[in-house]
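Structure, as structure tokens:
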Amino acid sequence: MPISSPTSKLRVDISHGVARLLINNGAKRNAFDLDMWRALPPLVAAIDADPEARVLVVSGAPGLPFCSGADISEFSTVRATSDGGRAYEQANGEAFDAISACSKPTIAAISGFCMGGGMGIAAVCDLRLAAAGAAFAIPAGRLGVGYPPSAMRYVVAAVGAQRAFELFFTARRLTAPEALAAGFLSRVVEEEDFDAEVTTLAGTIAANAPLTLRAAKAAIRAAAALPGAPSLAACEALAATCFDSADYMEGRAAFLEKRAPKFTGR
């Protein structure tokens, strides 16, 4: 059953095990407004609960950049007061936490601008790929915006303290090669090959054993002490579940029969 979105500015498509969460606010260069931040947690939860979805790709809709940050027009409306600003930051943080908590592998497929909150969205994804022309920045210092510690933890986890200092203190833009060198990206792909590379990567992940990927994701996050990482006991339980699964038997049988496995997530 299709996943419906409470806003037309976010769209979910699921096909062949790959869920695509498309940012679709072309009138604002894919800037995020408050309604979009509030819509993200239920959308991600629905994707996580959908057995058809085995991997989540977050990207701009076709022809649009990844995300140019917050909708600055809301600085004079919903964020005009301190109470409004705090409510906005709460919605912002809940959106980041929802993506981070997704039990399935997540990929940020970044083309064009990846600014401010857009960089935050990318930071909470497991893998980050960028087209060669992508640009990155956190311009909070030029806007007088304070980042809450919960959101800052994701940025520091993605690039380390030194790079985080530089990003926030200077507010300068990074090119895709610079973001790769900083450790923010797993790879940079030429523009003409980008969509195909994302599709191939997502398809490769979707074909692998879902329970194994879930257990691996939990264990990696715990080992790296990433924000919201599960406990050691939870990781051990997830790994044990793999050995009791039908997928474990299918994986062994496929290996012995020299064929591609067909995993069901059970």
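What residues of the range 89-131 lie in the reach of a label at Ala223, counting those whose backbone N is under 19 Å from a point 7 Å from the Cα along Cα→Cβ?
103-106, 125-128
Restricting the count to DSSP beta bridges whose residues both fall in the chain, what percent are antiparallel, rounded to a multiple of 5? Write down the numbers at each step before the final one.
On the way: 8 of 30 bridges.
For the chain, the DSSP antiparallel bridge percentage is about 25.
Can you give the angle from 0 to 90° between the axis of helix 194-206 and the longest principal axis of the chain, with both taken from C-alpha atoms, to the nearest 10?
That works out to roughly 40 degrees.
Just want to confirm a number: the relative contact order over the chain, from Cα pairs under 8 angstrom separated by 6+ residues, in percent. Please report the intermediate quantities before stating the final value.
Numbers: 464 pairs, mean separation 41.1, N = 266.
Averaging sequence separation for qualifying contacts and normalising by length gives 15 percent for the chain.
In angstroms, what radius of gyration and Dmax does the range 1-125 have, counting Cα atoms only?
Calculated on Cα positions, Rg and Dmax stand at 13.8, 45 Å.
Stokes-Einstein at 20 °C, 1.002 mPa s, Kirkwood radius from Cα pairs: D for the chain in µm² s⁻¹?
Values: Rh = 19.1 Å.
This corresponds to a translational diffusion coefficient of 112 µm²/s.
Mind pulling up the Rg/Rh value for the range 50-93? Radius of gyration and Kirkwood radius, both on Cα. It would help to have the intermediate numbers written out before the result.
Numbers: Rg = 15.2 Å, Rh = 13.1 Å.
My calculation of the ratio gives 1.16.
Using modelled backbone amide H atoms (1.01 Å from N, in-plane), which distant-in-sequence or interchain residues come within less than 5 Å of Val57's amide H?
Close amide H contacts, sequence-distant or interchain: Ala19, Arg20, Leu21, Ile107.
For the ranges 104-117, 22-35, what's the packing order if you count other beta-carbon atoms within 10 Å of each residue, average per peptide, and put the highest first?
The most tightly packed comes first, giving 104-117, 22-35.
If you roll a 1.4 Å probe over the heavy atoms of the protein chains, what accessible area per residue do you get for the chain, in Å²? Kindly include the intermediate steps, with their values, before the conclusion.
On the way: 12870 Å² over 266 residues.
Counting only protein heavy atoms, the per-residue value for the chain is 48 Å².
Determine the relative contact order of the range 86-235: mean sequence separation of Cα pairs under 8 Å and six or more apart, normalised by residue count, in whole percent. Display every interim value, and only then the final one.
Details: 197 pairs, mean separation 37.8, N = 150.
Value for the range 86-235: 25 percent.
At 222 nm, what value in deg cm²/dmol follows for the chain if DSSP H runs of at least 4 each add -39500 (n - 2.57) and the sum is divided by all its residues, to the nearest 500?
Numbers: 10 runs with 121 residues, N = 266.
The per-residue figure over the chain is -14000 deg cm²/dmol.
Considering only protein heavy atoms and a probe of 1.4 Å, how much of the accessible area of the range 1-72 is carbon and sulfur, as a whole percent? Provide the component values of the computation, followed by the final result.
Working: 1770 of 3180 Å².
Exposed carbon and sulfur together represent 56 percent of the surface.
In whole Å, how far is the Cα centre of the range 13-55 from that of the range 179-242?
18
Around Gly17, under 13 Å between beta carbons, what's the net of Lys plus Arg minus Asp minus Glu among the other residues?
Details: positive: Arg20, Arg54, Lys104, Lys262; negative: Asp13, Asp50, Glu52.
So the environment of Gly17 carries a net charge of +1.
Provide Rg and Dmax in Å for the range 83-187, with only Cα atoms included in the calculation.
Spelled out, the Cα radius of gyration and Dmax of the range 83-187 are 13.1, 40 Å.
Relative contact order for the range 4-109: what percent, with Cα pairs under 8 Å and sequence separation of 6 or more?
32
The values are calculated or read from the model by the stated rules, or taken from the named source; none is laboratory data. Quick caveat: nothing in here was measured; it's all calculated off a predicted structure. With ideal geometry, Cβ positions are generated from the backbone for all residues, glycine too; neighbour counts draw on all protein chains shown. Ligands, DNA and RNA are excluded from the accessible area calculation, which covers all protein heavy atoms including side chains. Shrake-Rupley method; radii C 1.70, N 1.55, O 1.52, S 1.80 Å.
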